[in-house]
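The values are calculated or read from the model by the stated rules, or taken from the named source; none is laboratory data. Since the model is a prediction, treat every value here as computed from it, not as a measurement. Neighbour counts are summed over all protein chains in view; Cβ atoms, including those assigned to glycine, are modelled from backbone coordinates with ideal geometry. The area values use the complete protein model at the heavy-atom level, side chains included, leaving out ligands, DNA and RNA. Shrake-Rupley method; radii C 1.70, N 1.55, O 1.52, S 1.80 Å.
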Amino acid sequence: MTIEQRARSAGVHLVLLAYSALAIGPILLVVMNSFKARSAIFGAPLAPPDASTFSLIGYDKVLRSSNILTYYSNSLIVTLVSMALVLLFGAMAAWALTEYRFRGSTLLGLFLSIGIMVPIRLGSVAILNMMRSAGLNDTLTALILVYVAQGLPMSIFILSEFIQQIPRDLRDAARCDGVPETRIFLEVIAPLLRPAIATVAVFTIVPIWNDLWFPLILTSSDKTHTVTLGVQQFLGQYITDWNSVLAALSMAILPVVMIYIILSRQLIAGLTSGAVK
Amino acid sequence: MSNLRIDHLYKRYGAATVLDDINLGIETGEFVVLVGPSGCGKSTLLRMIAGLDGASGGDIHIAGKLVNNLAPAARGIAMVFQSYALYPHMNVRKNMTFGLKFTGVAPAEREKRVAEAARMLRLEELLERYPRDLSGGQRQRVAIGRAIVREPAVFLFDEPLSNLDAALRVSTRVEIANLHRLLKATIVYVTHDQVEAMTLADRIVVMNKGRIEQVGKPLDLYYAPANLFVAGFIGSPAMNFFAAKVESVAGGRARVTGAGFRSFDLPAASLNVGDTLTIGVRPEHLSRGTNGAFAVEGIVELVERLGEASFAHIRRPDDKLFVAEVRGREAPAVGEKTTLVAAAQDVQVFDAAGLRISI
């Protein structure tokens, strides 16, 4: 390696390190401070907890005094059901749009790609009206419906790309073998889509889990709040219970981090497999 | 009995005609090879027989049944693909039985067929392996096995050897020939490799630009090509062509002249003075010497040595190249001026339209 190359590589790493610090820093700060007493949070926000400042009071309060477990299970239900539906419908739609030419298929594909470009939040008022007149106000079903609509366009887009990479011969071979179309999809195509499905799963889960907006406008009672919304109750107009806020946030981060760790291998395969051919 | 019959088959994409009035009958147990340059429509024809592509017109009968509107699985065909198209997430056994599940074959019968195919193709040891753990040749055998267990009326092979390396291609070719003998199966086989076509086929169908140029036994195509295209396509290196004219006709003999070769006589038959002809001579029929009905001379420009034989590329006086196959040790030196001759029966004559004239 020449000196020039070495300098360039060091430069690249410097940028990456800075970016990592920027991304991880706040999370680390939240988790660190969630284990500290209130005075220590304000006294030395950047110091890690030590013997004298260590405290679990935030977790204790959150678990005891609030509906955090309900929020947690709401978040889980909404996220997992939405994800399952997005993956199922997304894969089926992607298969139909790439494999079959039917009247209006191009138009349908275009319509779905508009969903990628236009943020669903623009339709908040209409969605709220729709949910209210459908009697779905303040239900988890309302959230799930919105999230499925939000996640579908991108998942169809990604999965279509992957399905196109599956060799044509494979589908033709299955057809010659007498495999019915539904079974071709379920038993030949779907198993080969696994890396793509992991990618889509992560891209679907994270924004849903972290979403504050739709729970805020579509849910009104404690029994339908999600974690991100539940945390807000510790943020008061005059006093904020920072111990509880940080503890609840740390707990909210956990599932997403775990999903990332579990799916990261598949995710990297999924993100890069289309790039190099 | 004809096992596969194709009548007036057309395939058009918009204004482009990919297949133009294809008529072909294939007997039960016959091995027919479709051969032609890329883009000649041979793969399209195979896919249409399989039912993977629809026809723009015409009929296909398989085992006496009109199959125009039947799905691939209902046609009684099995196809072996160039890319093998094995299901990557299923082991060899599952690959072979997967399709049978849906065609109403009882589990015991499935196992019996797989065992039989595995024995025939020497796959017994590999039944539990996955395609990714198999070599190219093994994968190809699994793909053939998957076709055999379907017990089809017609086997369709789409360039099955082109993904294999040269040595494996030769041995797999022999295996396919043996398999055909053993199964007495009707096979339609697509390839662009004329050696495969010559060695495997009972009959060869030479295709070009969506049309059938000639159908015939391998040696008939070699010794009696119907036209210039077949003459140039069958045989390697390709036949040499010389433009010629009939100079005079006298006493039942026609004198043929042209640039680059010595004038010679042909039986006049249907020839008239002034006719434009093309003379074709295969490289392997040319030999160094001076005595022969047909003689051509030139300066050796390049010699390709293959061992037992050498291909000499020779520049004619009219500045065109032709190729002669000479014995390995008798190869001329580059730059040498040499004369090559061919016997009268090895000289092919084609008329102005490119059709062969039998002399």
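Just one of the listed residues (A:ALA40, A:ALA91, A:ALA10, A:ALA84) is closer than 30 Å to A:ALA142 by Cα, free of Cβ contacts under 8 Å to residues at least 40 places away in the same chain and in a helix (DSSP H, G or I), namely A:ALA84. In this entry, B:GLU159 passes the filter for residues that are buried (at least 19 other Cβ atoms within 10 Å of the Cβ), of a type in the set (D, E, K, R) and on the phi > 0 side of the Ramachandran plot. Evaluated against (1) within 19 Å of A:GLN233 (Cα to Cα); (2) modelled with pLDDT under 90, A:PRO49 falls short on exactly one condition, (1).
Figure legend. Inter-residue proximity from region A:187-200: first residues in contact (Cβ under 8 Å) with a residue 60 or more places away in the chain, second residues hydroxyl-bearing (Ser, Thr, Tyr), beta-carbon distance below 7 Å, spacing 6+ or different chains. Indicated pairs: A:PRO195/A:SER273; A:VAL200/A:SER155.
Within region A:210-261, the set of residues being farther than 30 Å from A:ASN129 by Cα and charged (D, E, K, R) comprises just one member, A:ASP241.
Look at (1) within 14 Å of another protein chain (Cβ to nearest Cβ); (2) farther than 15 Å from B:TYR87 by Cβ; (3) open to solvent by 20 Å² or more (accessible area, probe 1.4 Å) and you find that B:GLU125 fails only one, number (1). Cβ-Cβ distances below 8 Å connect the following pairs, each with a first residue in region B:73-92 that is more than 7 Å from every other protein chain (Cβ to nearest Cβ) and touching a residue at least 60 places away in the same chain (Cβ under 8 Å), a second residue that is among the acidic types (Asp, Glu) and assigned to a strand (DSSP E or B), and a separation of six or more residues or different chains: B:VAL80/B:ASP158; B:GLN82/B:ASP158. Among residues that are closer than 30 Å to A:THR139 by Cα, touching a residue at least 60 places away in the same chain (Cβ under 8 Å) and of a type outside the set (Ser, Thr, Tyr), A:VAL256 is not included. Hey, among the residues in region B:53-72 that are within 11 Å of chain A (Cβ to nearest Cβ) and open to solvent by 30 Å² or more (accessible area, probe 1.4 Å), which one's farthest from B:LEU9 (Cα to Cα)? Top of the filtered list is B:ALA71. The set of residues from region B:35-52 being of a type outside the set (Gly, Ala, Ser) and more than 12 Å from chain A (Cβ to nearest Cβ) comprises B:VAL35, B:PRO37, B:CYS40, B:LYS42, B:THR44, B:LEU45, B:MET48. Pairs meeting the criteria (first residue in region A:62-81 and more than 22 Å from A:ALA198 (Cα to Cα), second residue outside any helix (DSSP H, G or I) and not polar (S, T, N, Q), beta carbons under 7 Å, at least 6 apart or on different chains) are A:TYR71/A:HIS225; A:ASN74/A:HIS225.
At least 1 residues being touching a residue at least 40 places away in the same chain (Cβ under 8 Å) and under 25 Å from the mean Cα position of the chain (by Cα) is the threshold, and among the strands (runs of 3 or more DSSP E) wholly inside region B:272-359 those reaching it are B:276-281, B:309-315, B:321-327, B:347-350.
Region A:94-193 holds helices (runs of 4 or more DSSP H) entirely within its bounds, and those carrying 3 or more residues that are more than 30 Å from B:GLU151 (Cα to Cα) and either within 14 Å of another protein chain (Cβ to nearest Cβ) or open to solvent by 70 Å² or more (accessible area, probe 1.4 Å) (or both) map to A:105-117, A:124-133, A:140-165. Just to be sure, is B:LYS209 touching a strand residue (DSSP E or B) at 6+ places or on another chain (Cβ under 9 Å), open to solvent by 50 Å² or more (accessible area, probe 1.4 Å) and touching a residue at least 12 places away in the same chain (Cβ under 8 Å)? So B:LYS209 passes the test.
Those residues that are open to solvent by 20 Å² or more (accessible area, probe 1.4 Å) and within 14 Å of chain A (Cβ to nearest Cβ), I need them from region B:128-147; list them, please.
Once the filter is applied, which keeps residues that are open to solvent by 20 Å² or more (accessible area, probe 1.4 Å) and within 14 Å of chain A (Cβ to nearest Cβ), region B:128-147 yields B:TYR130, B:ARG132, B:ARG139.
Give me the residue from region B:8-26 that is exposed (fewer than 14 other Cβ atoms within 10 Å of the Cβ) and not aliphatic (A, V, I, L, M) and, out of that set, farthest from the chain's Cα centre (by Cα). Across region B:8-26, the extreme among qualifying residues is B:GLY14. Which members of region A:10-45 meet the condition of being at pLDDT 90 or above and more than 29 Å from the chain's Cα centre (by Cα)? Those that are at pLDDT 90 or above and more than 29 Å from the chain's Cα centre (by Cα): A:ALA10, A:GLY11.
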